[in-house]
Amino acid sequence: MRKEDCYFLGKITRRHGLAGNVILKMDTDQPEFYRNLESIFVEINGLLVPFFIDKLGFPKKDTLNISFKNATEGTVDQSLGKNVFLPMTTLPPLSGTKFYYHEVVGFKILDQDDNFCGTIKEINDSISQHYFILNLEGTEVIIPVIKDWILEVDRAEKFIKMQVPEGLLDVYLKPTDNDER
């Protein structure tokens with residue numbers, strides 16, 4: 001399995017109990033979707049290694065207590081502190097204004113009046129307020145990802161229509177004092 005064909009599910013943070021179980025801290029807003037996992041891919045030395053699951057438990061909403069099939073002390077130790085991935089094909093399809101971040105890279109952002117605001121280069125989700133990083137005529141533009149601002153997601157035409165606050169793009173496109181000389 002190639003990493004680019006997978007998505008990040010979470011990280012194995014620690015052991016749980018004496019039976020060789022581990023705790024997987026998930027990075028998802030839909031933890032209920034993962035109640036029936038049969039296997040996961042653990043990144044070890046840059047490779048995705050399959051680990052097959054014997055039992056699952058949910059001690060908290062965003063964590064899984066996992067018991068691996070045929071687990072040894074060594075395999076459990078190998079998994080500790082490692083990132084966990086699943087194939088993209090396991091993602092449930094989304095509709096309406098919901099989307100996965102990886103699927104909208106390259107989409108155009110249009111404002112409520114259908115004006116072009118830029119093309120999504122990447123999405124920063126490493127801080128509490130996620131934001132789109134757009135390319136607009138060679139200028140990098142940042143627009144917060146706020147659910148209430150998303151008006152339409154058109155997967156066929158590859159655009160997202162947003163209610164962009166008036167004047168937001170002017171901050172990026174307004175000429176500076178250096179440009180007027």
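Coordinate-derived values only; no laboratory data. Model, not experiment: these values are computed from the prediction. Positions of Cβ are backbone-derived with ideal geometry, glycine not excepted, and every protein chain shown enters the neighbour counts.
Quick look at the numbers
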quantity	calculated
Whole-Hz ³J(HN,Hα) from phi, Karplus 6.51 cos²θ - 1.76 cosθ + 1.60, for the stretch 11-17, glycine and proline x	9, 7, 9, 5, 6, 9, x
Relative contact order for the stretch 3-89, counting Cα pairs under 8 Å that sit 6 or more residues apart, in percent	41 percent
Aspartates and glutamates with Cα under 16 Å of K147, excluding same-chain neighbours fewer than 8 positions away	D29, D111, D125
Rg and Dmax of the stretch 59-142, Cα atoms only, in Å	19.2, 60
Gap separating the Cα centres of the stretch 87-132 and the stretch 1-70, nearest whole Å	26 Å
Trypsin sites (Lys or Arg not before Pro) restricted to DSSP loop in the stretch 1-65 with at most 15 other C-beta within 10 Å	R2, R35, K61
Overall Cα dimensions of the stretch 3-89, principal axis frame, Å, largest first	32, 29, 19
Shape call, the stretch 101-172: gyration tensor on alpha carbons, a/c limit 1.5	rounded
MRE, 222 nm, helices only [DSSP H, n ≥ 4, -39500 (n - 2.57), over the chain, to nearest 500]	-2000 deg cm²/dmol
The stretch 20-63: GluC sites (Glu not before Pro) in DSSP loop, at most 13 other beta carbons within 10 Å	E38
Dipole moment magnitude, nearest 20 debye, the chain about Cα centre, only Lys, Arg, Asp, Glu C-beta charged	1180 debye
Length gained when the stretch N124-T139 is fully extended (0.36 nm per residue, less Cα-Cα span)	3.7 nm
Ratio of the Cα radius of gyration of the chain to 2.2 N^0.38 Å, where N counts its residues	1.31
Residue among N65, N36, N83 with the largest mean-square fluctuation in a Gaussian network model of the chain, springs linking Cα atoms under 10 Å	N36
Label-zone membership for the stretch 11-39, site D62, 7 angstrom Cα→C-beta point, backbone N under 18 Å	11-14, 23-35
Under the Karplus curve 6.51 cos²θ - 1.76 cosθ + 1.60, θ = phi - 60°, whole-Hz ³J(HN,Hα) for the stretch 142-156, x wherever Gly or Pro sits	10, 10, x, 8, 10, 3, 5, 7, 7, 9, 7, 10, 10, 6, 5
Whole-Hz ³J(HN,Hα) from phi, Karplus 6.51 cos²θ - 1.76 cosθ + 1.60, for the stretch 32-37, glycine and proline x	5, 5, 9, 6, 10, 4
Extension reserve of the F52-D5 stretch, reckoned as 0.36 nm per residue once the Cα distance is removed	15.0 nm
